[in-house]
Each structure stands twice: as C-alpha cells, then as structure tokens.
Amino acid sequence: MINKAVIPSAGFGTRFLPATKAQPKEMLPIVDTPTIQFVVEEAVSSGIKDLLIIIGKGKRAIEDHFDRSFELETELEEKNDADLLKEINRISNLANIHFIRQKYLLGVGDAIYYAKQHVYNEPFAVLLGDTIVDSKEPCTAQLLKIFEKYPHTIIGLEEVEKEKVSRYGIIDGDLIEKNIYFIKDLIEKPSIEEAPSTLAIGGRYILTPDIFDCIEKTPAGKGNEIQITDAIKLLTKKQPIYGYKFEGTRYDIGNKLDFLKTNIEFALKRKDLGGEFLTFLKEIIGKY
C-alpha cells in the first residue's frame, strides 16, 4: 500500500510571465479551479491523503489555497452561500498536505530529493504539479494497480506524435502485457533521430526509495538541472523499471497554447457552461 505522494511545484513558470511574476503557474485556473487542485484531487481519489508539495519562493498562494480562510468562510456564511462555503471547506480538508521549499531550482530530480525524509524509506507516488490527467479512473490509481503486480518503479506513459518527442522524456522498452512495458532505457528530450520510441513520460510515477541514491549520483543535465529521467535511467541498471501507458488524456499546463486548449475543453464539459460556451465559440470561429 502506498500512502504518500509528492508534488513538485517549485518552478518559476517563466513561459507565463508576466502572469506568474507574483502567482504560481500551478495556481493558474482551468475555468475556475487552480491546476494544482486537480492534481491534489487525483492523488486523493487514488486513496493517498498524505501529500508533500515542493514549492519555491513566491509560491505561498498554493499553501493559502489549501488552508482555511476564516474571513472568507465568515463572508459566505453571512451571505448564506451554503454551496460555495461547502466547497471552500472541502478544499481545505482534502488531505494532510505538507510543504517544503526547494532552496535552489535545480530540476524535478532535485525537488523529489527533498522528499527523502518525508517518505521514510517507503515507495511513493509523484504527480507533477502542472500536469492534469483527465480519466475515468484516476491516473495514479491506475499506476498503483500496476505496482501491486510489479512492485518496482512504475512510470506513467503516453503516446505522442513523433514531431513532439523532443519535448519529453522518451523510453525504450519491450511490451510485456497490454499497455505495460519493461523499460530498458530513457532519454530526456531526444531529437527525432535519437528517440527510441514515441512513448513519453507523462508526469506520473510510482517511485521506490532507491531513487534517492540515484538522484545523488545524477549530474546536472539539460538546463543545468537534475532530471528525474536521468536518475531513473541509473536505476534501470540496478532493478526492473516498468512503464504503463495510462488511459486518459494528459494536459500539460506548462505552455500557453496547451493551457488555452485545456480551458476550452474543460469549459465545454461543464454542465453550467458548456452549451453557452459552445455557441460562443461557433460565433467567434465564424468571425475569423
């Protein structure tokens, strides 16, 4: 049983400046819900309620979002807005959420290393704070099922277009069961020519504590950052690593175009907004 999850959320979000000058990119809303709330709710829906969020300077808004706001609660009570009050209270009671600050922004691998003391030599889930997976069964829950059968590091995978492999960590692996791969190698952001497949790492992992020794031995890679892909690559030399092509659609909120696309898709799915929004989109498309 895996009881803990780690959510790295310390990056500057420079691709969203000036919006992220004083606001974490993980707090940018998908319609009316901060991106990171979707991530936290995925972990909770997967049965994990002990969460460690790795933050950096200027990320206090994430802490405040999951904390209680007595002033706001009082305001909603006075307005008799029971539905909103219930939702605000639900958010602040989602899970036991802990925070630690990454002192130097040295990449996702370094951020995960901050969890070493928190996970106490247990396997743990990792969910990137700027990546949403929309699926019937929570993506992390899918990985946990695979972990029960293969109790080693499990990496969530998605198929990407060949032209986009340079954006992701890509795996080289053998299919051993439906959607399950034995991973032989991983390459961080390869060129099209270098990429061994089109199976990309999708921002979800189940990691064993052995990863911490590998992170310690991983030199800085692209962008002078310690890449978790490179650390897992070292781990493949010591023990089996598996990948699972999860069911669902992954939304990367790390760039503006995908952020806009995500907002449109999620708005169209809303019962309270979808119909009117679709009519509006048709009108706009007609104008252009």
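Taken together, the values in this text are just the output of simple stated rules run on the coordinates, not laboratory data. What you are looking at is a predicted structure, and each value in this text was computed from that prediction instead of being measured. In this analysis, Cβ positions are derived from the backbone assuming ideal geometry, glycine residues included, and neighbour counts consider all displayed protein chains.
Could you pull out which residues in the stretch 153-196 have an amide N less than 16 Å from a spot 7 Å beyond the Cα of residue 257, following the Cα-Cβ vector?
Within reach of a label on residue 257, which here means backbone N under 16 Å from a point 7 Å along Cα→Cβ, the stretch 153-196 contributes 160-168.
At a threshold of 8 angstrom on Cα-Cα distance, excluding pairs fewer than six apart, so keeping six or more, what relative contact order does the chain reach in percent?
22 percent
Considering amide H positions built from the backbone, and no H for Pro or chain starts, which residues 5 or more places from residue 173, or on another chain, come under 5 Å of its amide H?
It is 184, by chain and number.
So how do 81-93, 245-257 stack up, highest first, on mean other-Cβ count within 10 Å?
245-257, 81-93
Please report Rg over Rh for the stretch 211-288, where both radii come from the alpha carbon positions and Rh follows the Kirkwood definition.
Reported Rg/Rh, Kirkwood definition of Rh: 1.25.
For the stretch 91-109, list residues with backbone N below 20 Å from a point placed 7 Å from the Cα of residue 69 toward its Cβ?
Correct set: 91-99.
Taking θ = phi - 60°, what integer Hz values does the Karplus form 6.51 cos²θ - 1.76 cosθ + 1.60 yield along the stretch 122-135, in sequence order, with x for Gly and Pro?
Once rounded to whole Hz, the list reads 10, x, 8, 8, 10, 10, 5, x, 10, 10, 10, 10, 9, 7.
Measure off 7 Å from each Cα along the Cα-to-Cβ vector at residue 272 and residue 83, then give the distance between these two points in nanometres to one decimal.
Using points 7 Å along Cα→Cβ, the separation is 0.5 nm.
Which of the chymotrypsin sites (Phe, Trp or Tyr not before Pro) found in the stretch 57-147 are loop residues per DSSP with 12 or fewer other Cβ atoms within 10 Å of their Cβ?
Here the sparse-neighbourhood loop sites are 104, 120.
Per residue of the stretch 227-236, what does 6.51 cos²θ - 1.76 cosθ + 1.60 with θ = phi - 60° give for ³J(HN,Hα)? Whole Hz please, x for Gly and Pro, Karplus curve as stated.
Whole-Hz 3J(HN,Hα) from phi for the stretch 227-236: 7, 5, 4, 5, 5, 5, 4, 5, 5, 4.
Quick one: 3J(HN,Hα) in Hz for the stretch 22-29, Karplus 6.51/-1.76/1.60 with θ = phi - 60°, rounded, Gly and Pro as x.
Calculated HN-Hα couplings, in order: 10, 9, x, 4, 5, 9, 4, x Hz.
For the stretch 4-254, what is one quarter of the convex hull surface built on the Cα atoms, given in nm²?
That works out to 13.9 nm².
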